[in-house]
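**Student:** Handing you this structure, nothing more for now.
The values are calculated or read from the model by the stated rules, or taken from the named source; none is laboratory data. Model, not experiment: these values are computed from the prediction. No Cβ is skipped: glycine too gets one built from the backbone with ideal geometry, and neighbour counts run over all protein chains shown. Please note that ligands, DNA and RNA were not included when accessible areas were found on the heavy atoms of the full protein model with its side chains. Shrake-Rupley method; radii C 1.70, N 1.55, O 1.52, S 1.80 Å.
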Amino acid sequence: MKDNTILIKNAFILDSNNFKGKKQSLLIKNDKISEISSRIDENDVDKIIDATGKILLPGFINTHTHLSMTLFRGLADDLSLDSWLNDYIWPMEANLTGDYSYIGALLGAIELIKSGTTTFSDMYFYMEDVARAVDDAGLRAVLSYGMIDFSDADKRANEIKENMALFDKCNGMADGRIKVFFGPHSPYTASEELLKEIRKLANEYNIGIHIHVSETQKEINDILNEKGLRPFEYLDSIGFLGSDVIAAHCVWLSDEEIKIIKKNNVKVSHNPCSNMKLASGIAPISKLIENDICVGIGTDGASSNNNLDLIEELKTASLLQKVATLNPKVLTANEAIAMGTIKGAEVLGLDDEIGSIEIGKKADIILVDTNQVNMVPGSSNLSSNIIYSANGSNVDTTICNGKILMENKKLTILNEEEIYNKARQVIKELKETI
Ligand SMILES: C[C@H]1O[C@@H](n2cnc3c(N)ncnc32)[C@H](O)[C@@H]1O
Ligand SMILES: [Zn+2]
C-alpha cells in the first residue's frame, strides 16, 4: 500500500529537547514522524499544512482523568472530596450505563482534541464503551477499570474479572492506540487483599497500575487509623509499589514517603486544579522534581476541575508551586512543557513512542496559533508563550497517530453538535433517576 504523507511546513518546533523553537518542516509518513529539516521536498506528499506563525509541539498527555465525567460538569461544585463523592457523584454513577459512558467519553474526546491533548490515562466504568469512543475519536489512551471492593470478597472477584476482561478485549485495540492498565481506585476503597492480588497479576501479565493516593488529609488519617501507617508506607509494606504504578494526586507526603516514591520509581500524576477546587491541598511538586521523581500532569475528571484544558492545568501547576514555595524559579515554563509531554509519556511507560518531536516517534502533534491576541507580540521563549500566555483554545490543529483530528480549529471526525445534544439528553435522563 502507498504511504500516506503529510508535510507540515515552516513551524516553530518546541519540545523538551528543543526549547529554542527553530523554524523547520516536518514530514509525517503514515503514523510516524519521518523527517525534520529546514527543507523537505514538497512533491509527492499527500497533504501540505502551512504552519507559518504556528508553534508545533508534541500532543499533550493527560496522565489522570475520568473522561466520561464530562457529563457531570458543574453538577456538584464547592465541596470536599468526601462529600462530593459520597453525596453526589457515586449516587449518580450508580445509574450510569455503557451508552452514557460512551457519550461522556466522546464529549471529553472533543474537549481533548480541541485543547491539544492526544493521549489520556483514564480510570472509570464501562471502559469497553470508553474504548469504543477512543477508537472513534482517533485518540490514544491508557484505560483502566476503577476497582472498588470495600473489603467484600465477592465484589473483589468481580472487579478483578472486569479489569481482566477489559485487558483481554481492549489492550492493543484501535491500531495499538489503546493500552489497558489495572485501576484499583485508592487505598481507602480497595482492600489490602485486592491490592496484593493486583500486584501479583500486574507482574504476571506485565500490566501497569493506576491508583489515587494521598489525596486528602482525611485519607491520611483514615489509613493511619486503620493500618498504623501513612498511605505510601502502607502500600510499600504490602509490596504494592513499583515503576509501573501511576499514583494520582500525591498531595500529602512526608519526607519518608517521598523517599519511598523515589525508591520504588513510582510515577506521579499531578492534578492541581482538582486539588484546589476540592480544597484537598497543594502537592509538593517542586520537591518531587528536585528529587528526580517523574511527575506528569492530569486534569482529574471534568466534574472536579471543571475542564480538560491541559495548558491551563500546566499554568496552574507552575503558578501554584511558585506561590506555595514563594520562589518564582520553581516549575518554570520549560519544566511545565516537559511535564505535559515527555514526562507524561514516561508516566505511562510510552516514552519510546510519544512525548517528543523525534524521527521514528508516533506523529502525535499539535499546532498552536500565535496570531491571536493573547499571543501577541509574544516572547522569544516559546515555552513562555504556551504555558503563561496561551490556553487550550489557541490550539489550531491536532494530529494523533498521523491522522488529523482537527485542522484550523475544525474537527474532522467527530460531530460536535450531535454529541453536545446527546450529552445534554444523557445528563437530563441521569438526573431523573435520582
Ligand atoms: C473511578 C472512580 O473515581 C472517582 N473519582 C473521580 N475523581 C476522583 C478524585 N479526585 N478522587 C477520588 N476518586 C475520584 C470517580 O467518580 C469514579 O467513581
Ligand atoms: Zn481522579
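**Student:** Per-residue counts of other Cβ atoms within 10 Å, averaged by peptide: what ranking do you get for 259-269, 370-380, highest first? Spell out each step's value before the answer.
**Tutor:** Details: 259-269: 20.8, 370-380: 12.5.
Ranking the peptides 259-269, 370-380 by packing returns 259-269, 370-380.
**Student:** On to the next question. At 1.4 Å probe size, with every protein chain present, just tell me what the per residue accessible area of the stretch 1-111 comes to in Å². Show your work: numbers first, answer last.
**Tutor:** Details: 4700 Å² over 111 residues.
Accessible area per residue: 42 Å².
**Student:** For residue 144, what residues show an amide H to amide H distance below 5 Å, using hydrogens built from the backbone and excluding near sequence neighbours?
**Tutor:** 122, 123, 124, 181
**Student:** Structure shown: which of 200/267; 2/403; 54/329; 277/322; 29/315; 29/362 lie over 21 Å apart, alpha-carbon to alpha-carbon?
**Tutor:** Details: 200/267 19 Å; 2/403 15 Å; 54/329 27 Å; 277/322 18 Å; 29/315 33 Å; 29/362 10 Å.
Violating the 21 Å limit, Cα to Cα: 54/329; 29/315.
**Student:** Quick one: angle between helix 416-432 and the longest Cα principal axis of the chain, in degrees between 0 and 90, rounded to 10, please.
**Tutor:** That helix lies at roughly 10 degrees to the long axis.
**Student:** Shifting gears a bit: Which of the listed residues, 212, 253, 389, is farthest toward the dipole's positive end in the chain, when Lys, Arg count +1 and Asp, Glu count -1 at the beta-carbon?
**Tutor:** Of the listed residues, the answer is 389.
**Student:** Might you tell me the accessible area per residue for the stretch 284-400, computed with a 1.4 Å probe and given in Å²? Could the numbers behind the result be given before it?
**Tutor:** Details: 3940 Å² over 117 residues.
Value returned for the stretch 284-400: 34 Å² of accessible area per residue.
**Student:** Can you pull the percent of the chain's accessible area that's carbon plus sulfur, 1.4 Å probe, other chains left in place? Provide the component values of the computation, followed by the final result.
**Tutor:** On the way: 8070 of 17000 Å².
The computed percentage sits at 47.
**Student:** Still on this model: Checking the table 20/287; 169/409; 20/361 against a 31 Å threshold on Cα-Cα, which pairs fail?
**Tutor:** Numbers: 20/287 27 Å; 169/409 33 Å; 20/361 20 Å.
Correct reply: 169/409.
**Student:** Here's something else I'd like to know. As a test of the definition: which semi-axes, in Å, follow for the stretch 174-284 when you take the square root of five times each eigenvalue of its alpha carbon gyration tensor? Largest first, please. Please list the in-between numbers first.
**Tutor:** Numbers: eigenvalues 99, 61, 33 Å².
The three semi-axes for the stretch 174-284 are 22, 18, 13 Å.
**Student:** Let me ask something else. What number, rounded to the nearest 500 deg cm²/dmol, is the helix-based mean residue ellipticity at 222 nm of the chain, given -39500 (n - 2.57) per DSSP H run of at least four residues and division by all its residues?
**Tutor:** Numbers: 15 runs with 155 residues, N = 434.
Counting only the DSSP helices, I get -10500 deg cm²/dmol.
**Student:** At 1.4 Å probe size, what's the solvent-accessible area of residue 204? Round to the nearest 10 Å².
**Tutor:** Roll a 1.4 Å probe over it and residue 204 shows about 120 Å².
**Student:** Using every Cα-Cα pair within the stretch 306-383, state what percent have a distance larger than 17 Å.
**Tutor:** On the way: 1754 of 3003 pairs.
The share of Cα pairs beyond 17 Å in the stretch 306-383 comes to 58 percent.
**Student:** Let me ask something else. Taking the 0 to 90 degree range and rounding to the nearest ten, how far is the long axis of helix 255-264 tilted relative to the main principal axis of the chain, both from C-alpha atoms?
**Tutor:** 70
**Student:** Could you size up the charge dipole of the stretch 60-348 around its Cα centre, putting +1 on the beta carbon of Lys and Arg and -1 on that of Asp and Glu, and report it in debye to the nearest 20?
**Tutor:** Numbers: 26 positive and 41 negative charges, 169 e Å.
Roughly 820 debye for the stretch 60-348.
**Student:** Taking 51 Å as R0, compute the FRET efficiency from the Cβ-Cβ separation of residue 352 and residue 432 and round it to 0.05. Intermediate values should be presented prior to the final figure.
**Tutor:** On the way: r = 47 Å, r/R0 = 0.92.
Given R0 = 51 Å and the Cβ-Cβ separation, E is 0.60.
**Student:** Continuing with this model, one more query. Per 5 Å bin from zero, what fraction in whole % of the C-alpha pairs of the stretch 60-348 is there, up to the bin with the longest pair?
**Tutor:** Here the calculated profile for the stretch 60-348 is 1, 6, 13, 18, 21, 19, 14, 7, 2, 0, 0.
**Student:** Measure nothing fancy, just the Cα-based angle from helix 153-170's long axis to the longest principal axis of the chain, in degrees from 0 to 90, nearest 10.
**Tutor:** Between helix and principal axis, roughly 20 degrees.
**Student:** Around residue 69, what is the net charge, scoring Lys/Arg as +1 and Asp/Glu as -1 over all other residues with Cβ under 10 Å from its Cβ? Please report the intermediate quantities before stating the final value.
**Tutor:** Details: positive: 73; negative: 93, 122, 300.
Around residue 69, the surrounding residues sum to -2.
**Student:** Read phi for every residue in the stretch 374-385 and hand back ³J(HN,Hα) as whole Hz from Karplus 6.51 cos²θ - 1.76 cosθ + 1.60, θ = phi - 60°, with x for Gly and Pro.
**Tutor:** So the Karplus estimates, Gly and Pro as x, are 6, 10, 10, x, x, 9, 6, 8, 5, 4, 4, 4 Hz.
**Student:** Next up: Could you list which residues have their amide H under 5 Å from that of residue 32, counting only those 5 or more apart in sequence or on another chain, with H placed in the peptide plane?
**Tutor:** 363
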